[in-house]
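Student: Encoded as structure tokens, here's the structure I'll be asking about.
The values are calculated or read from the model by the stated rules, or taken from the named source; none is laboratory data. In this text, all values refer to a predicted model and were calculated from it rather than measured experimentally. Here Cβ is always computed from backbone atoms with ideal geometry, including for glycine, and neighbour counts include all displayed protein chains.
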Amino acid sequence: MAAEKAKPAEGLRGTKEADRIRARVAWMYFVEQLTQSEIAKILDIGRVTVVRLLADARARGEVNISIKAPLIDVVALERKLETHYGLQQAVVTPLSTPNIDPIPVIAAAVGEYIMQLAQKNVRMGVGWGRTLSEALNHIQSQPVEGIKIYSLLGGIIQAKRFNPSEFAWRLAEAFNGEGFLIPAPAIVNSGQTKRTLIEECGLEPVLDLGEGLDVAILSAGGIDDNATSSQVGYLSKEERASVVEAGAIGDLLFHFFNKDGQLIEHEIHQRIMSVQIERVKQAKTRVLASGGKDKVKALGAAIKLYEPTVFITDEVTAAAMVKALG
């Protein structure tokens with residue numbers, strides 16, 4: 001059963017999400033001057049719901065010439081990102097101060113969003129990284145009938161905190177679902193080794209995943225020394241220098257891309273044990289979750305490559321991305 005697109009104003013979980021959607025509707029109606037029908041179409045909700053949310057905003061005193069809802073600044077950023085990149089939804093998380101680590105707050109939003117997407121018989125493919133790993137802290141364990149979680153990337157032999165296999169398995173466990181892993185390292189030593197593993201270990205069906213996914217959730221990786229891939233030893237200094245020289249500014253599932261959102265030409269792509277980005281892009285709902293000042297350019301390029309339907313980031317990163325767009 002395909003995942004239904006999350007309808008943000010109907011069946012909401014918690015006051016926080018309801019407040020955010022109400023502020024979005026008020027912004028789109030009073031500031032962008034969209035019609036109620038246009039808003040309903042953009043947010044995929046009923047026109048009656050739009051009318052009710054506008055009435056609620058007025059009754060709460062949130063609309064009075066200007067909108068006074070506390071999240072109005074992030075709503076403006078969300079709408080600009082949605083409009084420029086053609087997103088179905090942007091989720092921008094507020095930060096208490098500009099210089100704090102944005103990953104925990106992004107992870108909280110990711111966890112909440114995964115809870116919405118975890119529906120009966122959903123096939124969910126997941127990437128890896130610190131943002132996704134920390135999202136597990138914000139997911140309430142509950143059984144979801146028929147859910148299947150697929151790791152889209154191989155793992156690492158040495159047990160470490162940000163292991164792709166570990167994340168996928170723990171997520172499947174949280175929903176009492178089935179977990180499917182790629183029993184191979186994320187990066188092997190040669191293209192021949194990759195071909196041998198695929199042909200002799202039966203990995204081809206796993207790596208061909210894509211057409212059947214309802215949901216894909218990825219986080220973009222950076223390319224500097226502080227990137228998770230560098231910290232856990234996936235990439236050697238020589239390999240990192242080599243991909244940078246080839247024009248890489250970031251990666252998705254170790255598919256390294258340039259500033260234009262195109263995959264670089266590099267032999268490392270012959271050695272990665274992961275599902276191809278073109279296949280992942282066939283998922284009906286595609287989530288990209290990442291943030292940080294060092295990833296502003298990489299995130300813009302990652303959106304071009306991955307074409308997510310949903311983008312989750314923090315307000316400092318979002319503001320920097322909007323500023324870069326002019």
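Student: Tell me which residues, restricted to region 209-223, are surrounded by fewer than 20 Cβ atoms within 10 Å (Cβ to Cβ) and modelled with pLDDT under 75.
Tutor: 210, 211, listed by residue number.
Student: Pull up region 25-54, narrow it to residues that are in a loop (DSSP other than H, G, I, E, B) and among the acidic types (Asp, Glu), then point me to the one that is farthest from residue 89 (Cα to Cα).
Tutor: 32
Student: Among (1) within 17 Å of residue 296 (Cα to Cα); (2) surrounded by fewer than 19 Cβ atoms within 10 Å (Cβ to Cβ), there is one condition residue 146 misses while meeting the rest; what is its number?
Tutor: (1)
Student: Residue 205 is checked against (1) surrounded by fewer than 18 Cβ atoms within 10 Å (Cβ to Cβ); (2) at pLDDT 85 or above; (3) in a helix (DSSP H, G or I); (4) not hydrophobic (A, V, I, L, M, F, W, C) and fails just one. What number does that condition carry?
Tutor: Unmet condition: (2).
Student: Within the set of pairs 6+ apart or on separate chains, which have a first residue in region 20-36 that is among the acidic types (Asp, Glu), a second that is assigned to a helix (DSSP H, G or I) and surrounded by 18 or more Cβ atoms within 10 Å (Cβ to Cβ), and C-beta atoms under 9 Å apart?
Tutor: These pairs meet every condition: 32/39; 32/79.
Student: Looking for something over 14 Å from residue 216 (Cα atoms) and at pLDDT 95 or above - is there at least one such residue anywhere in region 150-161?
Tutor: The first filter runs over region 150-161 and keeps only residues over 14 Å from residue 216 (Cα atoms), leaving 154-161.
Within this subset, residues satisfying the condition of being at pLDDT 95 or above are none.
No - not one qualifying residue is present in region 150-161.
Student: Here's something else I'd like to know. Kindly indicate the residue of region 29-63 that is within 29 Å of the chain's Cα centre (by Cα) and among the hydroxyl-bearing types (Ser, Thr, Tyr) and also surrounded by the most Cβ atoms within 10 Å (Cβ to Cβ) among those meeting that condition.
Tutor: Going through the qualifying residues, I end up with 29.
Student: List the number of the failed condition for residue 110; all other conditions in (1) more than 21 Å from residue 180 (Cβ to Cβ); (2) crowded, with 20+ Cβ neighbours inside 10 Å; (3) in contact with a His (Cβ under 8 Å, 6 or more places away or on another chain); (4) of a type outside the set (Phe, Trp, Tyr) hold.
Tutor: (1)
Student: If we keep just the residues of region 273-326 that are free of Cβ contacts under 8 Å to residues at least 60 places away in the same chain and β-branched (Val, Ile, Thr), which is farthest from residue 207 (Cα to Cα)?
Tutor: Once the filter is applied, the top-ranked residue is 296.
Student: Determine whether region 182-200 contains at least one residue that is under 23 Å from the mean Cα position of the chain (by Cα), among the charged types (D, E, K, R) and modelled with pLDDT of 75 or more.
Tutor: Scanning region 182-200, I find no residue that is under 23 Å from the mean Cα position of the chain (by Cα), among the charged types (D, E, K, R) and modelled with pLDDT of 75 or more, so the answer is no.
Student: A further question on this structure: Given the structure, is residue 272 aliphatic (A, V, I, L, M) and either closer than 18 Å to residue 240 by Cβ or over 18 Å from the mean Cα position of the chain (by Cα) (or both)?
Tutor: Yes, satisfied.
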